[in-house]
1. Looking at (1) in contact with a helix residue (DSSP H, G or I) (Cβ under 7 Å, 6 or more places away or on another chain); (2) under 28 Å from residue 60 (Cα atoms); (3) modelled with pLDDT of 95 or more, can you tell me which one residue 281 breaks?
2. Filter the range 213-222 down to residues that are in contact with a strand residue (DSSP E or B) (Cβ under 7 Å, 6 or more places away or on another chain) and free of Cβ contacts under 8 Å to residues at least 24 places away in the same chain, then give me how many there are.
3. With farther than 21 Å from residue 167 by Cβ, crowded, with 17+ Cβ neighbours inside 10 Å and at pLDDT below 50 as the only criterion, which of 84, 43, 34, 38 stands out?
4. Tell me which helices (runs of 4 or more DSSP H) are completely within the range 227-294 and hold 1 or more residues being over 29 Å from the mean Cα position of the chain (by Cα) and surrounded by 14 or more Cβ atoms within 10 Å (Cβ to Cβ), or say none if there are none.
5. Restricting to the range 199-214, name every residue that is surrounded by fewer than 24 Cβ atoms within 10 Å (Cβ to Cβ) and part of a strand (DSSP E or B).
C-alpha cells in the first residue's frame, strides 16, 4: 500500500471516546478481552460486591451487619477498626483511581459527597457499574436521611430505617440535654497549624455542625468551611475552649505548646489551658455514632454540668 493510502486509512480511524475508555477499563478489570469499540456492552453484575468511598458509608453498612457485601473501602473508613484490615483499600476518598476501583469487580460503587477526583468519578459513571451517590448531611435530619439512603442503595431499606429511627431517638435525647444549657460557651475548632497559621472550621463545616449539636458556639462562623484564621481574629473571637482531632500517627500538640503561641496565649481558653482532642471520625463522621460524639463533646465543654450518658445509646 502506498504511503498516501496508509495516511488516509489512519485518518479514517475513529478515536475512542470517554465512555468507551471507561468501558474498556471495566472490562479489563473483569478479565474480559473485549475491545473498547463496543460502547453498548452490558457489564455482568456480581451481586453483593460493594466498593465504598466514604467512611460514614462503611460505618453504616457495618452497623447493619452487612459488611460481607463490601469488597473495597477508602482510607477514611476507619470505623470499625477491623474494616481496613478486612477489606481492600482503594485509597483516599478524594483521590480515587477508577482502574483501582473497577479492579475489584464491583456490582455497586457508593460515593459520599466530595468523592473524587471528578475525572475518576466520570470514568466510573461511564463504566456501566451501578453508582450510588450519598449526600453527606450534617444535621440530625441529614444523618437519618443518609442512613436510610445507604440502606436503600444496598437493598436493606427496612433495617436501615430501624437504625435511622434509633439514631433519631438519640438525637432527640441529645436535644433535651442541650436545652438545659443556660449559657453557651465559645469554641474554636483547630484543624491544623500550618507554618504557624491556624486552619479552623467555619460555618457549614462538619466542625461547625458538631459544635452546634454539642451546645457550643462556633467562634469561626464568619469563615466558610475550613480556612486560615488570623492571630488577630482568634484573639477577637475569644474562644473558651479549643477543639482538635486526635492524631494517632503524628505528634498531638499539647496544651502547653498551643497556649504558648502568641495567637492563643491571651484567649480565655488559655487560663485553664482548655484544649480537647477527640477522634476525628467519631467527632466529624456524622453517622450513627454522632449523637454519642456530640454528647461526649458537650461533657467536655461543660464539665461543671455533669452531662449524663445518653440512655438511648444502650438500646440494641
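1. Answer for residue 281: the failing condition is (3).
2. Let us first name the residues in the range 213-222 that are in contact with a strand residue (DSSP E or B) (Cβ under 7 Å, 6 or more places away or on another chain), namely 216-221.
This time we only want the ones that are free of Cβ contacts under 8 Å to residues at least 24 places away in the same chain, so: 221.
Qualifying residue count, the range 213-222: 1.
3. Values: 84 fails: at pLDDT below 50; 34 fails: crowded, with 17+ Cβ neighbours inside 10 Å; 38 fails: crowded, with 17+ Cβ neighbours inside 10 Å.
Step by step, each of 84, 43, 34, 38 is checked, and only 43 is farther than 21 Å from residue 167 by Cβ, crowded, with 17+ Cβ neighbours inside 10 Å and at pLDDT below 50.
4. Values: elements: 231-237, 255-259, 262-265, 280-284.
In the range 227-294, 231-237, 255-259, 262-265 are the helices (runs of 4 or more DSSP H) which contain 1 or more residues that are over 29 Å from the mean Cα position of the chain (by Cα) and surrounded by 14 or more Cβ atoms within 10 Å (Cβ to Cβ).
5. Hits for the range 199-214 are 199, 203.
The values are calculated or read from the model by the stated rules, or taken from the named source; none is laboratory data. These figures come from a predicted structure and were not determined experimentally. Cβ: placed from backbone, ideal geometry, glycine included. Neighbour counts: every protein chain shown.
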